[in-house]
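Notes to accompany the following structure.
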Amino acid sequence: MMNIYQELNMANRDEAVIFLKSLICEKPQPCPICGGKLDFLHKKAKKSNCDWICKECGKRYDTIKILDRINE
């Protein structure tokens, strides 16, 4: 299994934490894979800062799963 930093195209834990914080604060950085814009995955009922998706490449970012893998 690929480690979370490789999967997120990041060099280390600090970069991953900064990215994760940007998602939780609802001020997402560009997609680390393609540079595309991230948007809420679920928008109809209630916006959730837990799930994000890249509009360009379709990569999904689940903040809870990312946090769990960073803390492994």
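The values are calculated or read from the model by the stated rules, or taken from the named source; none is laboratory data. On a predicted model such as this, the values are computed, not experimentally measured, just so you know. Here the Cβ positions follow ideal geometry from the backbone for every residue, glycine too, while neighbour counts run over all protein chains shown. For the accessible areas, the whole protein counts, side chains as well, though only heavy atoms, and no ligand, DNA or RNA atoms are used. Shrake-Rupley method; radii C 1.70, N 1.55, O 1.52, S 1.80 Å.
Computed values, structure above
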| read-out | value |
| --- | --- |
| Cβ pairs under 8 Å, 6+ apart, first in segment 1-20 and open to solvent by 60 Å² or more (accessible area, probe 1.4 Å), second modelled with pLDDT of 95 or more and among the hydroxyl-bearing types (Ser, Thr, Tyr) | none |
| Residue in segment 21-32 that is surrounded by the most Cβ atoms within 10 Å (Cβ to Cβ), counting only those that are within 10 Å of the chain's Cα centre (by Cα) and touching a residue at least 12 places away in the same chain (Cβ under 8 Å) | Cys31 |
| Members of segment 51-63 that are in contact with an Asp or Glu (Cβ under 9 Å, 6 or more places away or on another chain) and surrounded by fewer than 16 Cβ atoms within 10 Å (Cβ to Cβ) | Lys55, Arg60, Asp62 |
| Residue in segment 13-31 that is among the aromatic types (Phe, Trp, Tyr) and modelled with pLDDT under 95 present | no |
